[in-house]
Amino acid sequence: KQEVTQIPAALSVPEGENLVLNCSFTDSAIYNLQWFRQDPGKGLTSLLLIQSSQREQTSGRLNASLDKSSGRSTLYIAASQPGDSATYLCAVILRGGGFKTIFGAGTRLFVKA
Amino acid sequence: NAGVTQTPKFQVLKTGQSMTLQCAQDMNHEYMSWYRQDPGMGLRLIHYSVGAGITDQGEVPNGYNVSRSTTEDFPLRLLSAAPSQTSVYFCASSYRDRGYEQYFGPGTRLTVT
């Protein structure tokens, strides 16, 4: 059974710091991996989708990497800002069986001004 | 495009009552799914559909029914509400040609007393 783990569960950093959020999954037979942002009381906003054949994706100050063989993905946030404060969720899209998605519990990020 | 819409935003039910949570998307996505989000548990898949007329169970399907008569709509029915169904419910849609990248609705906050 696929399990997705995110470490750390919570993180507090000063503004301007570069940071890395970690996601690990137990079964490497994934179709894609997606990173989301969720603000308190809101829905999920897609940040990046990494296809299983890719190693990384970039969008602005965000860079996500994928290492299927080791079951790991990282989300790198450069020059963090208070507006980056949110919960970041990692999700793996499984191959076959309806392409179901399994989510990690998330990392709650607080960026201090 | 309105994207994925959900109604209502908030709902309070008494134990034993039934209701339907509505979800609609206007992106012609073939894949739609329902999740519930509980503190400390992350998002868990309730039911999903890979196209009109086709539905299947996710991780936590008990107490919920779905149907998919059109591509656009995917309602979730609570048959007899229980306090354990107090949660935030999210609907999502995705499309194969976009690598099943998921787009989420704003959520419905349900309280069962």
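The values are calculated or read from the model by the stated rules, or taken from the named source; none is laboratory data. None of the values given here were measured: they were computed from a predicted structure. Note that we place each Cβ from the backbone using ideal geometry, even for glycine, and neighbour counts take in every protein chain shown.
Key figures for this structure:
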{"quantity": "Within segment B:9-39, considering residues that are in contact (Cβ under 8 Å) with a residue 12 or more places away in the chain, within 11 Å of another protein chain (Cβ to nearest Cβ) and not in a strand (DSSP E or B), the one farthest from B:Asp56 (Cα to Cα)", "calculated": "B:Lys9"}
{"quantity": "Flag for B:Gly16 being at negative phi and among the small types (Gly, Ala, Ser)", "calculated": "no"}
{"quantity": "Filtered residues of segment B:40-54 (kept if outside any loop (DSSP other than H, G, I, E, B), surrounded by fewer than 21 Cβ atoms within 10 Å (Cβ to Cβ) and more than 7 Å from chain A (Cβ to nearest Cβ))", "calculated": "B:Arg44, B:Gly51, B:Ile54"}
{"quantity": "Subset tally (residues that are touching a residue at least 24 places away in the same chain (Cβ under 8 Å) and farther than 16 Å from B:Thr7 by Cα) for segment B:63-83", "calculated": "8"}
{"quantity": "Residue in segment B:60-70 that is of a type outside the set (Lys, Arg), within 16 Å of A:Gly43 (Cβ to Cβ) and more than 14 Å from chain A (Cβ to nearest Cβ) present", "calculated": "no"}
{"quantity": "Every pair of residues 6+ apart whose Cβ atoms lie under 9 Å, when the first sits in segment B:91-113 and is farther than 24 Å from B:Leu78 by Cα while the second is modelled with pLDDT of 90 or more and acidic (Asp, Glu)", "calculated": "B:Tyr95/B:Glu30; B:Arg96/B:Glu30"}
{"quantity": "Segment B:56-68: number of residues that are part of a strand (DSSP E or B) and surrounded by fewer than 20 Cβ atoms within 10 Å (Cβ to Cβ)", "calculated": "4"}
{"quantity": "Qualifying positions in segment A:17-31 - within 22 Å of A:Gly83 (Cβ to Cβ) and surrounded by fewer than 15 Cβ atoms within 10 Å (Cβ to Cβ)", "calculated": "A:Glu17, A:Asn18, A:Val20"}
{"quantity": "Strands (runs of 3 or more DSSP E) wholly inside segment A:22-101 that include at least 2 residues being within 11 Å of chain B (Cβ to nearest Cβ) and modelled with pLDDT of 95 or more", "calculated": "A:30-38, A:44-51, A:86-94"}
